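Here's the structure, in structure tokens; my notes come after.
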Amino acid sequence: MLLTSADHVHTGPLTDVEVRRIRNDFPILGQEVNGNTLVYLDSGATSQKPVSVLEAEQEFYEQRNSAVHRGAHTLAVAATDVFEDARATVAAFIGAAENELVWTANATAGLNLIAYSFGNASVGEVAPEARQFAVGPGDEVLVTEMEHHANLIPWQELCRRTGATLKFIPIMDDGQLDMEAAAAAFTARTRVFSFTHVSNVTGVINPVVELARMAHDVGAMVVLDACQSAPHLGLDVKALDVDFAVFSGHKMLAPTGIGAVYGRAELLDAMPPFLTGGSMITTVTMDRAGYLPSPQRFEAGTQAISQAAAFAAAVNYLSETGMDRIHAWEAALGQRMVAGLEAIPGIRVLGPSAGTARAGLAAFEVDGVHAHDVGQFLDAAGVAVRVGHHCAQPLHRRLGLSASTRASAYLYNTTEEVDAFLAAVAGVRPYFGITGA
Amino acid sequence: MSALDSLYQQIILEQSKARTGADLPNDQLAGEHLPAGTGQCHQLNPVCGDEITLRVETSGDAGARTISGIHWAGDGCSISMASASILSELVVGLGAGEVQIMIDSFREVMRSRGKLQADEEVLGDAAALSGVSKFPARVKCAMLAWVAAEDALRQTA
Ligand SMILES: Cc1ncc(COP(=O)(O)O)c(C=O)c1O
């Protein structure tokens, strides 16, 4: 059978041949680092950007730059169209309606938006429809032991301000959530359950539907940290049945400075705002103000407009490549990493062992060599990885570590790159003079 | 020598394992009830989790103190551990003023972005850490024990 090039590009699983073509869209990947071809395996921290994303931002500034929602002139209308079309595109990408997607600076800002809005519903004079978000003494906020600090500290602070109690579901030695403990953790007092879809350290993929059901059964709100899933898995917030979800553009081919909060429409329209000021109001007098419905209610001040335009270009790039194909390709790279790492003496992989589902990333410990030294050695070989606690100190402490080394792949990484990474890791202990298994 | 080899010189790899002075008992990390002439400081690099608690013991009269002992407990990369170990070997027996001059000189080299090579006359084995200054992300690792020593020393005055 003859295949046209279109068939090659859009059907069947991703292959190294197609990934090499994808790489041509990412100018930064062609460079050399320390005399070696760059092997970029730090997309879990931030992804690289394709030309179409860079162009979308430039095009906005060259042709449409203006304030949005604030003027009658032609450019203002054009800018508003770009901004709102971008919202529709990113909302559709996660299965949400346009008015259910609020722009934020990043996922951290999104989680703070939710936690602070809940806090605003918990003190002082509260509108009847906002009381469903209130937490106070006797109430419980539930998280997990695998959370990124961004999904832990805002809840610690909410509890400190309101007198609610923070609880967590523990993890097991293999990094998976302890589902028995989870079943016992939900009580009639649980008001909020906020958890990560995919761990940025162990690559564990949590059973969102099951956990959301457990939370809803006790009447709790469900907040999903989709930072490590939205870029990689193909997200459908309605099918997952979560009440809120947050993610960052920069981890999914978009620029820094933009992220999003998804919230069910009826919740967003009832929730008190976090940041207040211009662009989010109806009538303002000297002593009070009325607020617009979502999403404007949560978008005070001038927004990241060019970044929104580029965010839409980024999700278009992902959709055109196909999220199912991206997920399958990364899952295979993740398995190749783990199987390869397990075969190197003195390496302990955090999280599920080879053969068990995980995202396309692997964090590991090298016996006798500190993660910082591992990262330095790999950098000299041109391999870019992340070292440290990856903003998950409690998780590392639970696994008996203070730091680890993490390699994380994306749609532009090849199997050759994973093999180059593995070969470099095999050289670490010999270089530092550590012997034995 | 490759940049990597200039960072990880043999003496650094050896010192990171030797950990001279790493004998501060666990129950003394809080640094309570220190005798006069003794100072202690805890330093943490939140970026990578490198951590040290370092105690400086001195003897002699105020204004003319001599370092009589260095004891520390810590955890971190080979650069931070080697640096603490080398510091511990270098300063015992020296006057407080001399040690402060060493710390100042070491800091200057570390901040030089590879432009300064440490003077072995002043810094002894710590001169082997000169290569660190070419790696801005690692300067804090090398400085950790020295910053702790400087603060601890100040408390003894
Ligand atoms: C699971 C998870 N949550 C939250 C964040 C925070 O994302 P950002 O720094 O873009 O706000 C990250 C990124 O590091 C992450 O991996």
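The values are calculated or read from the model by the stated rules, or taken from the named source; none is laboratory data. Note that the coordinates shown come from a computational prediction; the quantities given were computed from them, not determined experimentally. Cβ coordinates were reconstructed from backbone atoms using ideal geometry, including for glycine residues, and neighbour counts include every protein chain displayed.
Structure values in brief
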item	result
Residue in segment A:98-106 that is away from the ligand (no atom under 16 Å from the Cβ), modelled with pLDDT under 95 and not in a helix (DSSP H, G or I) present	no
Test result for A:L113, in contact with a Pro (Cβ under 8 Å, 6 or more places away or on another chain) and either within 15 Å of the ligand (Cβ to nearest atom) or of a type in the set (G, A, S) (or both)	no
Residue list for segment A:270-296, filter: touching a residue at least 60 places away in the same chain (Cβ under 8 Å) and surrounded by 15 or more Cβ atoms within 10 Å (Cβ to Cβ)	A:A270, A:M271, A:P272, A:P273, A:F274, A:L275, A:S279, A:S294, A:P295, A:Q296
Every residue from segment A:82-113 that is surrounded by fewer than 18 Cβ atoms within 10 Å (Cβ to Cβ), more than 10 Å from A:Y262 (Cβ to Cβ) and touching a Lys or Arg at 6+ places or on another chain (Cβ under 8 Å)	A:E98
Scope segment B:35-76; condition part of a loop (DSSP other than H, G, I, E, B) and closer than 15 Å to B:A96 by Cβ; matching residues	B:A36, B:G37, B:G60, B:D61, B:A62, B:G63, B:A64, B:R65
Listing of helices (runs of 4 or more DSSP H) fully contained in segment A:339-431 that carry 2 or more residues being over 18 Å from B:P46 (Cα atoms), facing chain B (nearest Cβ under 10 Å) and away from the ligand (no atom under 16 Å from the Cβ)	A:371-380
Among residues of segment B:68-84, those that are more than 14 Å from every other protein chain (Cβ to nearest Cβ) and crowded, with 24+ Cβ neighbours inside 10 Å, counted	2
A:A185 closer than 17 Å to A:V135 by Cβ, away from the ligand (no atom under 16 Å from the Cβ) and small (G, A, S)	yes
Test result for A:G119, surrounded by fewer than 16 Cβ atoms within 10 Å (Cβ to Cβ) and more than 17 Å from the chain's Cα centre (by Cα)	no
Residue within segment B:123-133 that is part of a helix (DSSP H, G or I), exposed (fewer than 15 other Cβ atoms within 10 Å of the Cβ) and either within 14 Å of chain A (Cβ to nearest Cβ) or of a type in the set (V, I, T) (or both) present	no
Residue match in segment A:189-209 (condition: assigned to a strand (DSSP E or B) and surrounded by fewer than 20 Cβ atoms within 10 Å (Cβ to Cβ))	no
Test: A:A230 is away from the ligand (no atom under 16 Å from the Cβ) and in contact (Cβ under 8 Å) with a residue 24 or more places away in the chain	no
Condition check for A:F247: buried (at least 24 other Cβ atoms within 10 Å of the Cβ), more than 19 Å from A:G334 (Cβ to Cβ), away from the ligand (no atom under 15 Å from the Cβ) and under 18 Å from the mean Cα position of the chain (by Cα)	no
Flag for A:E84 being assigned by TED's automatic domain parsing to the domain that holds A:A245, charged (D, E, K, R) and over 29 Å from A:I326 (Cβ atoms)	no
B:A62 being more than 14 Å from every other protein chain (Cβ to nearest Cβ), surrounded by fewer than 15 Cβ atoms within 10 Å (Cβ to Cβ) and touching a residue at least 60 places away in the same chain (Cβ under 8 Å)	yes
Test: residue in segment B:40-49 that is more than 14 Å from chain A (Cβ to nearest Cβ), surrounded by fewer than 16 Cβ atoms within 10 Å (Cβ to Cβ) and out of contact with any Lys or Arg (no Cβ under 8 Å at 6 or more places or on another chain)	no
Single residue of segment A:116-158 satisfying the filter (over 21 Å from A:S229 (Cα atoms), among the small types (G, A, S) and part of a helix (DSSP H, G or I)) that is farthest from the ligand (Cβ to nearest atom)	A:A130
Positions within segment A:159-171 being more than 14 Å from A:T190 (Cβ to Cβ) and more than 15 Å from the ligand (Cβ to nearest atom), in sequence order	A:R160, A:R161, A:T162, A:G163, A:P170
The listed residue being surrounded by fewer than 18 Cβ atoms within 10 Å (Cβ to Cβ) and either polar (S, T, N, Q) or at pLDDT 95 or above (or both), out of B:E89, B:E150, B:E57, B:E120	B:E89
Of all residues in segment B:8-34 being assigned to a loop (DSSP other than H, G, I, E, B) and within 14 Å of another protein chain (Cβ to nearest Cβ), the one that is surrounded by the most Cβ atoms within 10 Å (Cβ to Cβ)	B:Y8
